[in-house]
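The values are calculated or read from the model by the stated rules, or taken from the named source; none is laboratory data. Owing to the predicted nature of the structure, the values given are computational and were not obtained by experimental measurement. Heavy atoms of the whole protein, side chains included, go into the accessibility calculation; ligands, DNA and RNA do not. Shrake-Rupley method; radii C 1.70, N 1.55, O 1.52, S 1.80 Å.
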Amino acid sequence: VLPGFMGYVLAVSLLLYALSLYETGVVAVLGSLTPVIMLPMIWVRTRKCPPVPAWLGAGLGVVGVALSLQG
């Protein structure tokens with residue numbers, strides 16, 4: 001329970017700090033990439049490759065973020 005609580009507190013604190021420095025839209029878009037960043041960590045931790053649809057979704061998320069930051 002403690003690691004989950006601390007991780008949540010850290011994540012929210014970092015997002016609030018980012019909001020004080022950058023535009024809200026950019027922070028929200030980059031904050032949405034958390035699940036994408038977690039995929040390689042899951043692979044390292046479990047030593048089991050996540051399924052292909054997870055990687056396709058992650059790739060789609062990265063493409064979506066790249067397109068939203070272009071405009």
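Can you give me the three principal axis dimensions of the chain from its C-alpha atoms, in Å, biggest first?
That gives 38, 36, 13 Å along the principal axes, largest extent first.
Grab the DSSP H runs of the chain that are 4 residues or longer, score each as -39,500 (n - 2.57), total them, divide by all residues and round the 222 nm result to the nearest 500 deg cm²/dmol.
Using -39500 (n - 2.57) per qualifying helix, the result is -27500 deg cm²/dmol.
Once neighbouring chains are kept in place and the probe is 1.4 Å, which whole percent of the accessible area of the chain is contributed by carbon and sulfur?
Working: 4420 of 5820 Å².
Whole-percent figure for carbon plus sulfur exposure: 76.
For the chain, which DSSP H helices look membrane-span-like by this rule: Cα extent along the axis of 15 Å or more and mean Kyte-Doolittle of at least 0.5?
Membrane-span-like by this rule: 2-21, 34-46, 52-70.
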